[in-house]
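J.: This is the structure I have questions about; it appears just below.
The values are calculated or read from the model by the stated rules, or taken from the named source; none is laboratory data. These numbers were taken from a predicted model, which means no experiment stands behind them. Using ideal geometry, Cβ is built from the backbone for each residue, glycine included, and neighbour counts are taken over all protein chains shown. Accessible surface areas use protein heavy atoms only, side chains included; no ligands, DNA or RNA. Shrake-Rupley method; radii C 1.70, N 1.55, O 1.52, S 1.80 Å.
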Amino acid sequence: MSSSVKALPAGLKDAEKGSSLWADAYVRLKKNKLAMLGGIIVISILITCFVIAPILSWIGFDGNEQDLANKFSGPSTKNLLGTDQLGRDLLMRVLQGGQISLLVAIMATMLTVTIGVIYGGIAGYVGGRIGNAMMRIVDGLLAMPFLIIVILFREVISGQVDEIARFLIDDWGWNDNDVLRFANLIPLTFAIAGFGWLSMGRIVRSSAASLAQQEFVEAARSLGLSHRRILFRHILPNMLGPIIIYATLTIPSFILYEATLSYIGLGIEPPNSSWGKLIQEGANYLETNITVLAVPAVLFSLTLFAFNFLGDGLRDALDPKASKD
Amino acid sequence: MLRIILSRLLQTLVVVFLLVTFTFFAIRMMPGNPFADVKALTEENKAAMERLYGLDKPLHIQYANYWKNVLLEGDFGDSFSMKGRKVSTLISESFPISLKLGLFSLILAMSLGIPLGIIAALFHNKWQDYTAMIIAMAGICIVTFVLGPIFQLSFAKPLSWLNVAGWSRPSDVILPAITLCFGVAAYLARLTRGGMLDVLSQDYIRSAKAKGVSQLNIITKHALRPALVPAVTFLGPAFAAIITGSFVVESIFLIPGMGQYFVLGIQNQDYTLVLGLVLFYGILMGIANLMSDLALIFMDPKLRNS
Amino acid sequence: MIRIIPLLATTTLAFVSCERRSDIEIANEENILIVGNSNEPKGLDPHLVSGVLESNIIRALFEGLVVDHPSKDSDSVDGVAFKDQIEHSEDFTEWTFYLNPEAKWSDGVTVTAHDFVFSYKRLLSPDPNWPAKYAEMLYFLKNGEAYHRSKLGHILCGNDPNFPLVWETLKEANFEGDSKIKPQKFKNKKFSELNEQELKKFSPYLTGEDTPDFDELNSKGSDLEALSTANKKVLFNSIGLDKLNRKQLLHLKDNLSLIKWSDNITTEVKQLVIARILSHHDSGKPKLWDKAQVGVSAINDSTLRLKLRGPTPYLLEVAKHYTWYPVPKHIILKHGEINTAYSSPWTKPENIISNGPFKLKSWRTNHLLEVERNPHYWDAEEVKLDGIRYLPIRNYYTETRMFGDEQLHLTYTVPSELIPLAKEKYAAELRQESYIGTRYLRVNTLNSPFDNPKVRRAFALAIDQKSICEKILQGGQEPASGIVPPFGDYKPPGLIKFDPEKAKALLQESGYASTSSFPDIDLLTTNSDSGLREAEALQAMWQKHLGIKVRIQQREWSTYLQNQYDFNYDIAVAGWIGDYLDPTTFLELWVTDGGNNNTAWSSKTFEDLLRKAEKTSDITTRMSILSEAEETMMNDIPVLPIYWYTTNYLIRPEVKNWNPLLLNNHPFKFIEIDKN
């Protein structure tokens, strides 16, 4: 819906000029109730996992302490959601699992965005045969079975990561618990990002390519601006829209990949646990205690919903041509 | 037309080649070794096994031998972990099962997703639209490994003729296919809705309406074909996604399909099995994409020139 | 497009209304037993497999000299041999079996004593390309070990009544080599830098001035001219007389001191030994089997004579194990040679022939393996079942669900979390029976802090075994006081039990100033849920009682195993299920450099006791010697026992004759489905 250009009466400088892309987008976004709901849920979950959970654990709730006498118990003052199969506090387990799932997905997404933007930006801007060739490579790689490659990649990387972790712990004296916890995430994150960047690269490339053909770029070139300047100050800011949209939509699919891999046992390793692993364990206990499955499953699905709705909403808001209005 | 087919085939071959090469080297870099077992493997035993399977030869010779066997004799080698079984046998036994499951899912997904998308488009922005899209989103977000156990509990247990897991009778395909179809159905619904909305806003639809053509005729005769283009474009990758994503469903419902071999192959470091599967999948997806392209052309003649 | 939906609905309904009976109902009618078998079998060659699930199938397909008694543990019934006609010498070293002339292979060919000779020869093959993992089961046969490990000295000199010395006096000579002094183990080290413990390893072979140079050894190992005397001593003694090649033997002939010999044997005898081994090489290494005179021979087609290495009153127990089963000579030779291992061509479904109550019907990988009645089986009338279907169900929770859904007769196990539920819902179908096996922690005694026995003991005593059994496993398991579970005549020394106070005290005595100065410890376990829960429980216990936090390393199965073989672990959860009903099946694991030892622990006292027991024919004396051996081992405590196994499984009421057996190897020929 393009706002028709109004003739401005003289003197009304601060009257409604054409508002910026972002302001327009925000207005549209606000109207989309599902997307706003999604946004709120996303923020709540992020806060719960990354702010509230650490506070809770500082207070004394511990997701790792076992109480074998107290398995599968119901909600109580000590365990707000009850306990799991080893008597651990379910709430903390799920929140800690969320930390991992979200962390992996967000880190992988950031990596994906970085690589994708660089690769796609260059491909789109340079264009021509080089750009095409770069895209052919991407297309080719995209045809590979993603999950299988991720699994292989991850196995291979984890061997190397183990060595580096050992080195950091033994030779540099870093705290072993933290290093290991973190180190465990690296293979999976890199493996997922290592192939996830392909789609991002495609999107960025088409965006960059269409931008590169715009007149303002020609104008900038004729003014003698360097390629770098054009890329960073003119093209990149204009690509932010699609990048943000796609990043928001990438996060849930990465959460899903990680969960699928953890489900079949080729994802996160202990001491970490993620929603995927929790769901896999919980599925075994369907008959004994359904809470152990239900809590992570619901939270997991809710997060996916939220991110997807938000992303959809952003896409509708930021890119009116693609909208269905 | 011919050009498209040839270029697709060429692309597939290149991809398969790269894929197999990558896998060949990647799998050898995994920690552990393919021959560990409960009873200890002495140095001699391990060396003996390696000799038997040709792993003592230099890497490039192994690589060359592999291609030689595959291309000249169609021999994908013997599986390391399943003694006495050829990889080609394992694939030929399990693929029909995965295929059956996949096709069933796909048909279900189309029967579910496309009508849903059409309804959503027709009642755009009304409650039917919202509901349909939430249902579609649910399909994406309530994943197979959550849905599967729920189905097992809700349907298989109470209904004695529906098995909880396994593949011993025809009805065993139902629950897994339903579990698997939701994700794809969801995407199909969204794509169909988008495509339909696009088409419905076109001028020629408006003129048809003005001419008094009935709603039903507009949908079926004029709008449907072009509207389905995005959905059909997706079918190729969708089919591939179903076949690869099915390993979760196969492990939940204990279906002896191809998906399980991937996980097993990697867990057991069964080099030949994983390579064979990767090769097969690569070709399969190339064909799926080709079919998808051809279907597109059939549906929208405008694309014939591109 | 819209018309597809009703079409789909009707097709589905058509599918769905087809079969309303459960899988079990159909199978009962067909007289087929459906069994959960935990995973895909790795093969069907009795000589090349080593897992319990494979043995479940092999037991149905093949039959040995005797068969497990369906209800009594240390008893057996007729197999290929007539049980009541079995003869043995008074000291239990010589046994004669008379074979049933009606015993046939599934292709109608008679099973003969020659099949047994062929089978034992096959399993014991010293061929380095032969990947048999259980050849040690045949070491009971005289000279079996010598043949299998190519102990040339033993074979060529020991069997000859004309040899100028009794073999016993020659035994101190270094025939077998010494892997502890292998030059590769000392890469980049200088002899002068070795510590006391390492130096001790070389002392039997070197004299005072000898100073080996490892660098030279590792780089010039095969060039005899270039090496110094000291180096040659190390080289030759690491290889051993049995395995020296021709060139080395010729060199040795002129330099007898390069190898360690027994005391008091003359130069003449030394030369004689070398000459014998040389002649074996010179004549193109002809068939060792004939020279070895392994203690198995076919007197005629239906008489088998066994000569054993020592008194073995429990031989029939051992003979029940599948490694003692015959394999079809005529079929194996049809599809390859005696030791063709690659792909085991004779076990392919289209080729395989067996002599048991069943024969292979179909094998669909990852789906099911089905066997059907063998009409040529000598006792076919007694066999009640018409077939068995083995389902490789890996997920035990799903297996229990499938049982509840009437899809199988018998599960492989019941996961511990479902045991309380099973007790409620399937009280009549649940069985909890003793199973001869031990769950323990294997300790790498090379890595500190576990090189200190006090630390090991502290860790052992800090395990609240009862809690694990009752709260986590809930399967009726018993805390283990040692490595050998109690059964029959054996009295375990019972040294280990939960004692947190003592554990703490031991830790303090061990000399570690505080728990923070403790090196990092990794607890290795498998990828499974149950493995994780046990590991987490252990982790919590050690934290609580010793204040030490170990790290859990979950590894995928083959990596988990490999890490232990490579000594790439600190402490690992492990288990062992007995192969036959005798303590030696647990104790023999821990001999020096044993393939399943992997703790670097070794004790001469322990091994001497085992050898002594080997020679004792009196059952009571023997048992007490073995108990003493276990006590010796448990005093050093290279492994930390946790609990003794039980087996928990679900079985439908119509399955009859499935009785509790310690070895859990139920003979399928007696199983019946009672349709009433």
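J.: All but one of (1) open to solvent by 30 Å² or more (accessible area, probe 1.4 Å); (2) part of a loop (DSSP other than H, G, I, E, B) hold for C:Ile496, so report the exception by its number.
T.: For C:Ile496, the exception is condition (1).
J.: If you check A:Leu102 against the conditions, is it at pLDDT 90 or above, at negative phi and not β-branched (Val, Ile, Thr)? Before you say what the answer is, go through the steps one by one.
T.: On the way: at pLDDT 90 or above: yes; at negative phi: yes; not β-branched (Val, Ile, Thr): yes.
In short, yes.
J.: Among the residues of the range B:203-218, is any open to solvent by less than 40 Å² (accessible area, probe 1.4 Å) and in contact (Cβ under 8 Å) with a residue 24 or more places away in the chain? Step through it out loud before you land on a result.
T.: Looking only at the range B:203-218, we keep the residues that are open to solvent by less than 40 Å² (accessible area, probe 1.4 Å), and these are B:205, B:208, B:218.
Those left that are additionally in contact (Cβ under 8 Å) with a residue 24 or more places away in the chain: none.
Among the residues of the range B:203-218, not one is open to solvent by less than 40 Å² (accessible area, probe 1.4 Å) and in contact (Cβ under 8 Å) with a residue 24 or more places away in the chain, which makes the answer no.
J.: Just need a number here: residues in the range C:219-248 that are open to solvent by less than 50 Å² (accessible area, probe 1.4 Å), closer than 28 Å to C:Asp127 by Cβ and of a type in the set (S, T, N, Q).
T.: Residues in the range C:219-248 being open to solvent by less than 50 Å² (accessible area, probe 1.4 Å), closer than 28 Å to C:Asp127 by Cβ and of a type in the set (S, T, N, Q): 3 in total.
J.: For C:Glu382, which of the numbered conditions (1) out of contact with any strand residue (DSSP E or B) (no Cβ under 6 Å at 6 or more places or on another chain); (2) within 14 Å of chain B (Cβ to nearest Cβ) fails to hold?
T.: Result: C:Glu382 passes all but (2).
J.: Against the condition under 23 Å from B:Thr144 (Cα atoms), in contact (Cβ under 8 Å) with a residue 12 or more places away in the chain and among the aliphatic types (A, V, I, L, M), how does B:Ala238 come out, does it pass?
T.: On the way: under 23 Å from B:Thr144 (Cα atoms): yes; in contact (Cβ under 8 Å) with a residue 12 or more places away in the chain: yes; among the aliphatic types (A, V, I, L, M): yes.
When the stated conditions are applied, B:Ala238 passes them.
J.: For the range C:513-525, state whether one or more residues are farther than 23 Å from A:Tyr285 by Cα, within 14 Å of chain B (Cβ to nearest Cβ) and either of a type in the set (A, V, I, L, M) or in contact (Cβ under 8 Å) with a residue 60 or more places away in the chain (or both).
T.: The initial filter retains those residues of the range C:513-525 that are farther than 23 Å from A:Tyr285 by Cα, namely C:513-524.
If we keep only those that are within 14 Å of chain B (Cβ to nearest Cβ) too, we end up with C:524.
This time we only want the ones that are either of a type in the set (A, V, I, L, M) or in contact (Cβ under 8 Å) with a residue 60 or more places away in the chain (or both), so: C:524.
Yes, because at least one residue in the range C:513-525 is farther than 23 Å from A:Tyr285 by Cα, within 14 Å of chain B (Cβ to nearest Cβ) and either of a type in the set (A, V, I, L, M) or in contact (Cβ under 8 Å) with a residue 60 or more places away in the chain (or both).
J.: Kindly evaluate C:Lys42 against the criterion of being within 30 Å of C:Ala613 (Cβ to Cβ), without any contact (Cβ under 8 Å) to a residue 60 or more places away in the chain and open to solvent by 20 Å² or more (accessible area, probe 1.4 Å).
T.: Working: within 30 Å of C:Ala613 (Cβ to Cβ): no; without any contact (Cβ under 8 Å) to a residue 60 or more places away in the chain: yes; open to solvent by 20 Å² or more (accessible area, probe 1.4 Å): yes.
Here the answer is no, as C:Lys42 does not meet what is asked.
J.: Residues being away from chain A (no Cβ under 13 Å) and either under 17 Å from B:Phe123 (Cβ atoms) or under 23 Å from the mean Cα position of the chain (by Cα) (or both): count how many of those fall in the range B:190-207. Break it down into steps so the answer makes sense when it comes.
T.: Of the residues in the range B:190-207, the ones away from chain A (no Cβ under 13 Å) are B:202-207.
Filter once more, keeping what is either under 17 Å from B:Phe123 (Cβ atoms) or under 23 Å from the mean Cα position of the chain (by Cα) (or both): B:205.
Adding up the residues that qualify gives 1.
J.: State the number of residues belonging to the range B:250-294 that are away from chain C (no Cβ under 13 Å), in contact (Cβ under 8 Å) with a residue 60 or more places away in the chain, under 16 Å from B:Leu103 (Cα atoms) and of a type in the set (A, V, I, L, M).
T.: 2
J.: Any chance you could count how many residues in the range C:64-74 are out of contact with any strand residue (DSSP E or B) (no Cβ under 8 Å at 6 or more places or on another chain) and within 24 Å of C:Ile619 (Cα to Cα)?
T.: 3
J.: Looking at the range C:440-461, is at least one residue farther than 30 Å from C:Gln197 by Cβ, in contact (Cβ under 8 Å) with a residue 60 or more places away in the chain, in contact with a helix residue (DSSP H, G or I) (Cβ under 9 Å, 6 or more places away or on another chain) and open to solvent by 10 Å² or more (accessible area, probe 1.4 Å)?
T.: Step one: list which residues in the range C:440-461 are farther than 30 Å from C:Gln197 by Cβ, which gives none.
Checking the range C:440-461: not a single residue is farther than 30 Å from C:Gln197 by Cβ, in contact (Cβ under 8 Å) with a residue 60 or more places away in the chain, in contact with a helix residue (DSSP H, G or I) (Cβ under 9 Å, 6 or more places away or on another chain) and open to solvent by 10 Å² or more (accessible area, probe 1.4 Å).
J.: Still on this structure, I have one more. Can you pull out every residue in the range B:219-232 that is surrounded by fewer than 21 Cβ atoms within 10 Å (Cβ to Cβ) and within 14 Å of chain A (Cβ to nearest Cβ)? Reasoning before the result, please.
T.: Start the filter on the range B:219-232 by keeping residues that are surrounded by fewer than 21 Cβ atoms within 10 Å (Cβ to Cβ), which leaves B:219-222, B:224-226, B:229-230.
Answer for the range B:219-232, where residues must be surrounded by fewer than 21 Cβ atoms within 10 Å (Cβ to Cβ) and within 14 Å of chain A (Cβ to nearest Cβ): just B:Pro230.
J.: Picking from A:Gly128, A:Gly159, which residue would you name as being within 14 Å of chain C (Cβ to nearest Cβ), surrounded by fewer than 16 Cβ atoms within 10 Å (Cβ to Cβ) and of a type outside the set (Ser, Thr, Tyr)?
T.: On the way: A:Gly128 fails: within 14 Å of chain C (Cβ to nearest Cβ).
The unique qualifying residue is A:Gly159.
J.: So which residues in the range C:622-657 are farther than 21 Å from C:Ile483 by Cβ and open to solvent by 30 Å² or more (accessible area, probe 1.4 Å), if there are any at all? Before you say what the answer is, go through the steps one by one.
T.: Start the filter on the range C:622-657 by keeping residues that are farther than 21 Å from C:Ile483 by Cβ, which leaves C:648-657.
Across the range C:622-657, the qualifying residues are C:Arg652, C:Pro653, C:Lys656, C:Asn657.
J.: Does C:Val414 meet the test of being β-branched (Val, Ile, Thr) and farther than 30 Å from C:Tyr569 by Cβ? So that I can check it myself, show each step before the final result.
T.: Values: β-branched (Val, Ile, Thr): yes; farther than 30 Å from C:Tyr569 by Cβ: no.
No; evaluated as a whole, the condition is false for this residue.
J.: So which residues in the range B:7-16 are without any contact (Cβ under 8 Å) to a residue 12 or more places away in the chain and within 10 Å of chain A (Cβ to nearest Cβ), if there are any at all?
T.: Across the range B:7-16, the qualifying residue is only B:Val14.
J.: Among the residues of the range C:530-540, is any among the polar types (S, T, N, Q) and either within 14 Å of chain B (Cβ to nearest Cβ) or under 28 Å from C:Ser467 (Cα atoms) (or both)?
T.: Pass one, the range C:530-540, residues among the polar types (S, T, N, Q): C:530, C:539.
Adding the requirement that they be either within 14 Å of chain B (Cβ to nearest Cβ) or under 28 Å from C:Ser467 (Cα atoms) (or both) leaves C:530, C:539.
Within the range C:530-540, one or more residues are among the polar types (S, T, N, Q) and either within 14 Å of chain B (Cβ to nearest Cβ) or under 28 Å from C:Ser467 (Cα atoms) (or both).
J.: Working only within the range B:166-194, note down all residues that are of a type in the set (S, T, N, Q) and at pLDDT below 85. If you could, list the steps in order and put the result at the bottom.
T.: Filtering the range B:166-194 for residues of a type in the set (S, T, N, Q) gives B:168, B:171, B:179, B:192.
Scanning the range B:166-194 gives B:Ser168, B:Ser171.
J.: Now for a separate question. Please list, ordered by residue number, the helices (runs of 4 or more DSSP H) wholly in the range C:168-271 having 2 or more residues that are farther than 30 Å from C:Trp601 by Cβ. Quick ask: steps written out before the conclusion?
T.: Numbers: elements: C:196-202, C:214-220, C:229-239, C:246-254.
Filter on the range C:168-271 gives C:214-220, C:229-239, C:246-254.
J.: Right, something else. Being touching a residue at least 40 places away in the same chain (Cβ under 8 Å) and open to solvent by less than 10 Å² (accessible area, probe 1.4 Å) is the filter here, so list the residues in the range C:599-621 that pass it. Explain how you work it out, then say what you get.
T.: Start the filter on the range C:599-621 by keeping residues that are touching a residue at least 40 places away in the same chain (Cβ under 8 Å), which leaves C:599-601, C:614-617, C:619-620.
The answer is C:Thr599, and nothing else.
J.: Within the bounds of the range C:557-564, is there any residue that is open to solvent by 30 Å² or more (accessible area, probe 1.4 Å) and assigned to a helix (DSSP H, G or I)? Even if it seems obvious, please write down each step before you answer.
T.: From the range C:557-564, those open to solvent by 30 Å² or more (accessible area, probe 1.4 Å) are C:557; that's our starting set.
Right, trim to assigned to a helix (DSSP H, G or I) and you get C:557.
Yes; the residues of the range C:557-564 include at least one that is open to solvent by 30 Å² or more (accessible area, probe 1.4 Å) and assigned to a helix (DSSP H, G or I).
J.: A follow-up question, please. Are any residues in the range B:84-123 within 11 Å of chain C (Cβ to nearest Cβ) and in contact with a Lys or Arg (Cβ under 7 Å, 6 or more places away or on another chain), and if so, which ones?
T.: Within the range B:84-123, B:Gly84, B:Glu93 qualify.
J.: In addition: Restricting attention to the range C:120-129, which residues are open to solvent by less than 10 Å² (accessible area, probe 1.4 Å) and out of contact with any His (no Cβ under 8 Å at 6 or more places or on another chain)?
T.: C:Tyr120
J.: So in the range A:238-277, with the set limited to residues that are in contact with a Gly (Cβ under 8 Å, 6 or more places away or on another chain), within 11 Å of chain B (Cβ to nearest Cβ) and of a type in the set (A, V, I, L, M, F, W, C), which one is nearest to A:Leu314 (Cα to Cα)?
T.: Top of the filtered list is A:Leu249.
J.: Scan the range C:362-386 residue by residue and report those that are open to solvent by 50 Å² or more (accessible area, probe 1.4 Å) and touching a Lys or Arg at 6+ places or on another chain (Cβ under 9 Å).
T.: Residues of the range C:362-386 open to solvent by 50 Å² or more (accessible area, probe 1.4 Å): C:364, C:372-373, C:375-376, C:378, C:381-382, C:384, C:386.
Those that are open to solvent by 50 Å² or more (accessible area, probe 1.4 Å) and touching a Lys or Arg at 6+ places or on another chain (Cβ under 9 Å): C:Glu372, C:Arg373, C:Pro375, C:His376, C:Trp378, C:Glu382, C:Lys384, C:Asp386.
J.: Among the residues of the range C:319-349, what is the count of those that are of a type in the set (D, E, K, R) and within 11 Å of chain B (Cβ to nearest Cβ)? Write out each step before concluding.
T.: Our first condition is that a residue be of a type in the set (D, E, K, R); within the range C:319-349, this holds for C:320, C:329, C:334, C:337, C:348.
This time we only want the ones that are within 11 Å of chain B (Cβ to nearest Cβ), so: C:348.
The total comes to 1.
J.: For B:Ser79, indicate whether it is more than 26 Å from C:Gly336 (Cα to Cα) and either surrounded by 16 or more Cβ atoms within 10 Å (Cβ to Cβ) or not hydrophobic (A, V, I, L, M, F, W, C) (or both). Break it down into steps so the answer makes sense when it comes.
T.: Details: more than 26 Å from C:Gly336 (Cα to Cα): no; either surrounded by 16 or more Cβ atoms within 10 Å (Cβ to Cβ) or not hydrophobic (A, V, I, L, M, F, W, C) (or both): yes.
Against the criterion (more than 26 Å from C:Gly336 (Cα to Cα) and either surrounded by 16 or more Cβ atoms within 10 Å (Cβ to Cβ) or not hydrophobic (A, V, I, L, M, F, W, C) (or both)), B:Ser79 does not qualify.
J.: While we're on this one: When only residues in the range B:152-167 that are within 11 Å of chain A (Cβ to nearest Cβ) and assigned to a helix (DSSP H, G or I) count, which is nearest to the chain's Cα centre (by Cα)?
T.: Among those residues, the one meeting the criterion is B:Gln152.
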